[in-house]
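In what follows, a single structure is set out as structure tokens and then discussed.
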């Protein structure tokens, strides 16, 4: 044990510069106090800078002969880039700040939004099952209710389904007064003619079968009632005056005018 301790101490003694004992001890203490301390545990350089003593660096070489001193890449040695850690993974450096404001981006082909032209809505054309807008159905409905009032009867409502049934009945009649009712129809009246002669058929051909219903008894003897031979029948007038029926639809084809009721 004593031999091992002697071997360890001798190199340190041999490395000390020759000087009087008192001076040597004093300088050694100063060097130790002011030597830069590097904490291996935390790898932080945090103590005051060191000062040179009047002795030289050791002139011996061994496996670790380099005396610890501030490296080229440690904080606080005043060298450029000493605050950047070394890295072999790439260049993380930044270019110097450029205070020139960036130019605004330029679009070589600026485009402006083009409004999409609106397509005006197209209203569907009235069909046999669709009433035109306004009023209570087609124009013939005004004629119907005008003469319902003239007879002191209730007004009727337009029904497109009944109008469609009336059109099919006229089409399948082959120009003859042959009744044919389709689903939804409860009663039907027919006369020769078309919609242009609708008022004459309604008044003279059907309602005048019971002329006593008119408030004005001269109606059936006038222009609308002339030329009709009822042969004593009242069936058409009875259907139109029956309070059970509240809806009507009329149409003509092949010179046959038909009105369906429900």
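Here is how the numbers come out for the structure above:
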{"read-out": "Residue list for segment 187-232, filter: buried (at least 21 other Cβ atoms within 10 Å of the Cβ) and more than 22 Å from residue 160 (Cβ to Cβ)", "value": "203, 204, 205, 207, 208, 209, 220"}
{"read-out": "Within segment 236-262, tally of residues that are free of Cβ contacts under 8 Å to residues at least 60 places away in the same chain, farther than 17 Å from residue 200 by Cα and outside any loop (DSSP other than H, G, I, E, B)", "value": "2"}
{"read-out": "Scope segment 166-186; condition closer than 10 Å to residue 256 by Cβ, under 54 Å from the mean Cα position of the chain (by Cα) and surrounded by fewer than 16 Cβ atoms within 10 Å (Cβ to Cβ); matching residues", "value": "171, 172"}
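Computed from the coordinates by the stated procedures, all read-outs in this text should not be read as laboratory data. Keep in mind that this is a model prediction, so the values were computed, not measured. Ideal geometry is used to build each Cβ from the backbone, glycine not excepted, and the neighbour counts take in all protein chains shown.
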